[in-house]
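Taking it in order: structure first as structure tokens, then the write-up.
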Amino acid sequence: MASNVSPNRVAELTKSMEESLRIRTRKSGEFVEEAKQVLPGGVASSFQEHSPHPIYIVEGHGSKVTDLDGNEYSDFHNGFGVMVVGHAHPVIAAAITEAASKGTHFAAPNASAVRVAKELSRRFQLPKVRFSNSGTEATLDAIRLSRAFTGKDTLVKIEGSYHGHHDAVMVSVHPDPSKMGPRAHPVSVPQSAGIPQALLDLTVVVPFNDPDALDATLTANQDIGTMILEPIMLNIGVVPPNDGYLEAVREITRKHGVVLIFDEVKTGATVAAGGAVEKYGVVPDLVALAKATGGGTPIGSVLGTEEIMAQIDDGTVAQIGTFNGNPLTMAAAEAALIGVLDEAAYRRLDQAGRRVLEGCQDVCDRYGLPAYAVGVASKGCVMFAHQRVVDYRSYVEYFDDDLNYLGWLYHMVNGIYMTPGADEQWTLSVVHGDDEIDHYVEVFEEFARDVTGGKGE
Ligand SMILES: Cc1ncc(COP(=O)(O)O)c(C=O)c1O
């Protein structure tokens, strides 16, 4: 921690801000006790647990959400990056209402799914699409397609990346540093109990932003047929690829006959219309999508080349699911992708993203905070790190969780619903106004002033 930020000061401020948040969200704090009687942790997903206690949201409109105590917040969390369209968008709400009035589920094909598939195919430059209901299913389908195509069971993933909660990828997501092993040969560390050793053995781990380590791993391990990676690491804050890294990964995987999967569950439809594929101009063999592509409904999809996806056509690979292509989901996705997220929407996200990043970076500079602002379009965060984070190990070494948590408390107490967790980032929506972005920066400045004792000159 830099000298102008004392750990004692951070601890004191954290105590008082936690208390303020507890008082503001008293009803949530009480309700969680009732919820715990039926839901472990009082929540539906462990990602919804956080200190000082989970906060229950009752409604959202546009860029705002309201909690159980009636507090209104500007929503920078946006449902872990799903709500880039904003809440209850009239175009999407109307599409869902109309679809609901005609029947919510048939498990039979519908024309809307074809229109959504065409739009995703256009955006991500891959010809064939199949739907599912979550990012977990999307990466599961992509890995199965790849394993079937190459005939090889072993896959390589990036240390510190999250790709959903199925066994093949719940490996070295946020490994305990004492278990990581050497950088050149990271240990495959299970992220949860209940993952069979036989599956761990099939998942090899490499560092992000290191093409040489990837090449060496693929050379040494001819059993690897699949590589899955998030083109921008978005589960340790925001860690963009170094210049040329994605191109190098494309070249190296091709050289070794390894199928390349981009996990664009977070980047898809948020960093550009065509996600990282469009942003960086690198087209993998398969893309996994979910989150923002569904306009606020549960969606997943896998996109792939003709050759790989032909395995579904001929029945070699099972890609199935009762709710795949559900009419409500397809109506919402179509309305979001075609009705809301047009070129002007992406221009706005770029502009809004630049505004909040520039504002936060200026605060970091003026107060000498050991932190920097980083992001791409709607996605961004302040990395509470005194040096640039380029991969999981530098994140572990440089990132200050305590400072990050205190920054989060300042936002929460001041009416900004920011994503909980050191590993997360904000997602702006197309309906966030400049005034809300400026308010985010103002609160960040208040935090910087209090924590450094500086004047920001
Ligand atoms: C990069 C990435 N892949 C996959 C997933 C899993 O998506 P889901 O939670 O919809 O299963 C997530 C979830 O946050 C993610 O961030």
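Structure notes:
- With the highest mean first, a sort of the peptides 444-455, 204-215 on other beta-carbon atoms found within 10 angstrom per residue produces 204-215, 444-455.
- 24 Å Cα-Cα threshold exceeded, pairs from LYS102/LYS128; LYS152/LYS179; LYS128/LYS279; LYS118/LYS279; LYS36/LYS64: LYS102/LYS128; LYS152/LYS179; LYS36/LYS64
- Among residues other than ILE299 with Cβ under 10 Å from its Cβ, the summed charge is 0 (Lys and Arg +1, Asp and Glu -1).
- Residue (of VAL363, ALA108, ASN326) at the positive-pole extreme of the chain, dipole from beta-carbon charges: ALA108
- Across the alpha-carbon atoms of the stretch 251-358, the computed radius of gyration and Dmax are 16.0, 51 angstrom.
- Measuring max minus min along each principal axis, the C-alpha atoms of the stretch 90-340 give extents of 57, 36, 34 Å (largest first).
- Peptide ranges 19-28, 173-182, 230-239, 289-298 listed from the most packed, as the mean C-beta count within 10 angstrom indicates: 289-298, 230-239, 19-28, 173-182
- Inverse mean reciprocal Cα-Cα distance (Kirkwood Rh) of the stretch 112-261, Å: 16.1 Å
- Helix content alone sets the calculated 222 nm mean residue ellipticity of the chain: runs of n ≥ 4 DSSP H residues at -39500 (n - 2.57) each, divided across all residues, give -12500 deg cm²/dmol.
- Magnitude of the charge dipole for the chain, about its Cα centre and with charges confined to Cβ atoms of Lys, Arg (+1) and Asp, Glu (-1), is about 720 debye.
- Summed residue charge, Cβ within 10 Å of VAL265's Cβ, Lys/Arg positive, Asp/Glu negative: -1
- Positive dipole terminus of the stretch 56-186, leading residue within ALA148, HIS77, SER172 (C-beta point charges): ALA148
- For the stretch 90-340, a simple Cβ point-charge model (Lys and Arg +1, Asp and Glu -1, everything else neutral) yields a dipole of about 480 debye relative to the Cα centre.
- In the stretch 93-234, taking the dipole from charged Cβ atoms about the Cα centre, the farthest positive-side position among MET227, PRO127, ILE158 is held by PRO127.
- Normalised by the number of residues in the stretch 90-340, the average gap of Cα pairs under 8 Å and 6 or more apart makes the relative contact order 32 percent.
- Each Lys or Arg adds one and each Asp or Glu subtracts one; over the other residues with Cβ under 10 Å from the Cβ of LEU202, this totals -2.
- Sparse-neighbourhood loop sites, GluC sites (Glu not before Pro) in the stretch 213-280 - DSSP loop, at most 14 other Cβ within 10 angstrom: none
- In the chain, Rg over Rh equals 0.96, where Rg is the alpha-carbon radius of gyration and Rh the Kirkwood radius from pairwise Cα distances.
- The stretch 46-96, relative contact order [Cα under 8 Å, separation at least 6], %: 27 percent
FYI, it's all coordinate maths here, none of it is from the lab. Predicted, not measured: the structure shown is a model, and the values here were computed from it. Counting neighbours? That spans all protein chains shown, and the Cβs are built from the backbone with ideal geometry, glycine included.
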